[in-house]
Amino acid sequence: MPLCQALAAAGIELVSTGGTAAALKAAGLPVTSVASVTGAPEILDGRVKTLHPKIHGGILARDTTAHRATCEEHGIAYFDVVIVNLYPFVETVAAPQLLLADAIEQIDIGGPAMIRAAAKNCERVVVVVDPADYPRLIAEVSAATPWLTPATRRELAAKAFAHTAAYDGAIASFLTSVADGEAPASEPVVRSATPGVLSLQGHQLYPLRYGENAHQAAALYKWTSFPVPAEREVLPTVTGAQVLGGKQISYNNVLDLDAALGLVLEFAAPAAVVVKHNNPCGAATLPTLSAAYLAAREADATSAFGGIVALNRVVDDETAALLGETFLECVIAPGFSEGARALLASKKNLRLLEAGGDWLAQASHPGGRQWQVRSIRGGVLLQELDAAMVNLAEARVVTKAVPSEAQRADLQFAWKVAKHVKSNAIVFAAGGVTLAIGAGQMSRVDAVRICERKGAGKLAGAAVASDAFFPFRDGVDVLAGAGAASIVQPGGSVRDEEVIAAANEHGLAMMFTGMRHFRH
């Protein structure tokens, strides 16, 4: 309403369709109905309102002698500003019990047509599709000087075309996800998990200094449209985080920040994760944030140098002091105390990222549908994000030895970490702290041997998680020799009995989850 008040105060005549016109009249603003302009009533249950030469002619006409003469001949008035809020199609199709007929009625026709016409003619017409631009327009129209430069008009026009493109993409994705094309429009829609047409749109947040290497151009984008509805959109993200000073983050920083964030969100208690080259090199969940960070860092202090840190609590002064002891690239957290920011201000190359959202949602309610897109040459892959997590209280014990409650807690922790380690993945842990991590090996037994070397002398009694089954008993033999006391793995190998026998020989407790967590 403030926008319309400003436009009216500037002497701009307001023209609107039924519902909006009624609201403007109720607010005491002078408004002309579209039907008065066109000389034709709204028909077909409101499907046809603005599709008329006196509307589109007034929008598309250029400021030329010929066009003005034509408009005068046909009684067409020029429109200077077009403001459109499209029917809420995306919100409508997110409903769980959706009728196809209801979805179809929320496909806006006149709105996109006016937006595109105004955007095409941005040389003369201002088009606004985002309420976030209303204050800007109010300020401009209230100013004494001519309002909106050509550059601003073109910017708004580009935004308008992006808006209609995303809208049409959402419609195409929805319609191609309707599983039964023969089902009546009056019955609830049955949708396939993935759409037949994948229409993606992202808004560039900022260009990056370079990609993985200095010779590669890169930029960071945030999704402005996504074809598959997400059940939860409350989690913090790197794209939604505010960078609190420091030099610009890099392409590799973004990948590592996302990896660290994904793991730390698994935990409800204070937790810290240190990531290097897209793999955690240390993780811990302990009663205080400072204790968790110190344990995560010291789990592999050599690898932590130059790492990325994610913390699931506001960073306090004590934790900030510990962060300042080591060279780090970035720290992402829900926030930073004033003292923490002051302590870390001297670290010129350290980037602090403050991310809003519910940092405990994933840990409190595991599962929920989120989506992940990865590019390949010639196309993209779409999959559900791996948000599932088996509660080991419900997992199957397959050995003679039964894990104690303390071992189950360690196994659960190790299992959560292993989910976020590149396959083949092995994680040794105890007391809520990782002791050694073997990542990204072509052979699972080699991942075990890496842990054996990294954790030499400190693995006795440890819990071990393997992201997928052991194909042979050799992995169990090696981890038993390294000091492991309990194991969690998915199971499912043709040699499961051989692996279970090996665990029994070594006196190990072993649990099968029935769910693997490959991470390629």
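Hey, any hits in the stretch 358-375 for a residue that's basic (Lys, Arg) and free of Cβ contacts under 8 Å to residues at least 60 places away in the same chain?
Checked against the condition, which is being basic (Lys, Arg) and free of Cβ contacts under 8 Å to residues at least 60 places away in the same chain, the stretch 358-375 yields at least one hit.
Which pairs turn up if I take residues in the stretch 34-50 that are of a type outside the set (S, T, N, Q) and look for partners that are part of a helix (DSSP H, G or I) and surrounded by 10 or more Cβ atoms within 10 Å (Cβ to Cβ) with beta carbon separation below 6 Å, at least 6 apart in sequence or on another chain?
Matching pairs, first to second residue: 37/54; 41/35; 49/34; 49/110.
Taking the stretch 185-223, which residues are outside any loop (DSSP other than H, G, I, E, B), farther than 22 Å from residue 371 by Cβ and open to solvent by 50 Å² or more (accessible area, probe 1.4 Å)?
Selection gives 188, 206, 207.
Within the stretch 159-177, is even one residue in a loop (DSSP other than H, G, I, E, B) and open to solvent by less than 70 Å² (accessible area, probe 1.4 Å)?
Yes, the stretch 159-177 has at least one match.
Can you name every residue in the stretch 455-495 that is of a type in the set (A, V, I, L, M, F, W, C) and either assigned to a loop (DSSP other than H, G, I, E, B) or open to solvent by 50 Å² or more (accessible area, probe 1.4 Å) (or both)?
456, 459, 460, 468, 469, 470, 472, 494
Please find, within the stretch 78-134, the residue that is most open to solvent (accessible area, probe 1.4 Å) out of those that are charged (D, E, K, R), farther than 19 Å from residue 62 by Cα and assigned to a loop (DSSP other than H, G, I, E, B).
For the stretch 78-134, the residue satisfying everything is 130.
Has the stretch 287-301 got any residue that is β-branched (Val, Ile, Thr), within 22 Å of residue 420 (Cα to Cα) and without any contact (Cβ under 8 Å) to a residue 60 or more places away in the chain?
No - not one qualifying residue is present in the stretch 287-301.
Is it the case that the stretch 146-155 has a residue that's modelled with pLDDT of 90 or more, of a type outside the set (A, V, I, L, M, F, W, C), surrounded by fewer than 17 Cβ atoms within 10 Å (Cβ to Cβ) and assigned to a loop (DSSP other than H, G, I, E, B)?
no
Mind telling me which of the residues 46, 75 ends up being at pLDDT 90 or above, open to solvent by less than 60 Å² (accessible area, probe 1.4 Å) and at positive phi?
Sole residue among the options that is at pLDDT 90 or above, open to solvent by less than 60 Å² (accessible area, probe 1.4 Å) and at positive phi: 75.
Out of 452, 498, report the one residue that is open to solvent by 50 Å² or more (accessible area, probe 1.4 Å), part of a helix (DSSP H, G or I) and modelled with pLDDT of 95 or more.
Within the list 452, 498, the selection yields 498.
Scan the stretch 395-415 residue by residue and report those that are open to solvent by 40 Å² or more (accessible area, probe 1.4 Å) and assigned to a helix (DSSP H, G or I).
Of everything in the stretch 395-415, those that are open to solvent by 40 Å² or more (accessible area, probe 1.4 Å) and assigned to a helix (DSSP H, G or I) turn out to be 405, 406, 407, 408, 409.
Only one of (1) surrounded by 16 or more Cβ atoms within 10 Å (Cβ to Cβ); (2) over 14 Å from residue 77 (Cα atoms) is not met by residue 38, so which one is it?
(2)
Output the residues belonging to the stretch 387-405 that are of a type in the set (Gly, Ala, Ser) and modelled with pLDDT of 95 or more.
Listed by number, the residues that qualify are 401, 404.
The values are calculated or read from the model by the stated rules, or taken from the named source; none is laboratory data. Quick caveat: nothing in here was measured; it's all calculated off a predicted structure. Backbone-built Cβ (ideal geometry, glycine too); neighbour counts: all protein chains shown. Heavy atoms of the whole protein, side chains included, go into the accessibility calculation; ligands, DNA and RNA do not. Shrake-Rupley method; radii C 1.70, N 1.55, O 1.52, S 1.80 Å.
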